[in-house]
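Structure first, commentary second.
Taken together, the values in this text are just the output of simple stated rules run on the coordinates, not laboratory data. Because the structure is a prediction, the values reported are computed rather than measured. Neighbour counts run over all protein chains shown; Cβ positions are idealised from the backbone, glycine included.
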Amino acid sequence: MKARLLGHRELAPGTRHFDFEALDWDGVFLPGQFLSLTANLPAGPITRAYSIATPPSGRTFGLCANLVPEGQFSPWLFTREIGDEIEFKGPIGTFTPRPTGSDSILVATGTGIAPFRSFLGADALTGNCTLIFGTRHADGLLYHSEWLELATNRPGFLYEPTLTRPGPDWHFATGRVQPHVMQALGDRRDIDVYICGLREMVDDLRAQLKAAGVDRKRVIYEKYD
């Protein structure tokens, strides 16, 4: 299938949000699913997976990507211009909201925030929801103003950003996401925990939740290298 680039914007240094319009796809997907994009490079085709960073909305969809200068795919993607076409397959994946109606904790690091933007934009979670989003620096908090606005306007939604390398003007949480998740969980074991980010963080947090007695069926995760 193919899609046309409608536009893009910088979210942070080296991170960009891309908006596309599908040319031969009806745009039906579940929040949290991803698409597999293919670049036909001189050395041969190369494929990379990206979570959809927008809620279902007809034929349009958004993706969030980091530029990896020494990589192959992202430098190609970052040179695409408005009107250029890309090839993709999907939607793919089972990292989607569970129909439990339970309260939830969403845990993200870096571009792992992308599927949660789809979750929240689609209003796919019915219970109270806490978003814990961790990065190194404040400029890495992707879609930060959106989460602040949502925390103001949506009852039952809490936003807790945390930085491992905060600046002097930072007034929110600090440190890695794991202890903040365990604090938000407290003594409750009836909460669904969704985790998306680098493999090390996901595996470590899963181990902590298991040790705390959280049912593995309540821990839904997606990890990447």
Cα centroid of the stretch 179-210 to Cα centroid of the stretch 46-121, whole Å
22
Net charge within 10 Å of residue 202 by Cβ-Cβ distance, Lys/Arg positive one each and Asp/Glu negative one each, not counting residue 202 itself?
-1
Suppose R0 equals 35 Å; then what is the FRET efficiency for residue 81 and residue 187 from their Cβ-Cβ distance, rounded to the nearest 0.05?
0.10
Relative contact order, percent, of the chain when contacts are C-alpha pairs under 8 Å separated by at least 6 residues?
18
Nearest 10 degrees, 0 to 90: what angle lies between the long axis of helix 144-153 and the longest principal axis of the chain (Cα atoms)?
50
Residue by residue through the stretch 166-179, which ³J(HN,Hα) values in whole Hz follow from phi under the Karplus form 6.51 cos²θ - 1.76 cosθ + 1.60 (θ = phi - 60°), with glycine and proline marked x?
x, x, x, 9, 7, 10, 9, 6, 10, x, 6, 6, 4, x
Could you please report the charge total around residue 107, scoring K, R as +1 and D, E as -1 over all other residues with beta-carbon less than 12 angstrom from its beta-carbon?
-1
With the 8 Å Cα cutoff and a minimum separation of six or more residues, the stretch 104-224 has a relative contact order in percent of 28
Within straight cross-link reach of residue 210, meaning Cα distance under 14 Å, which aspartates and glutamates are found once same-chain residues fewer than 8 apart are removed?
187, 190, 192
Lysines with Cα under 23 Å of residue 2, excluding same-chain neighbours fewer than 8 positions away:
89
Which Rg and Dmax, in Å, describe the Cα atoms of the chain?
17.6, 55
Tell me which aspartates and glutamates have Cα within less than 13 Å of residue 223's Cα, excluding those fewer than 8 residues away on the same chain?
200, 203, 204
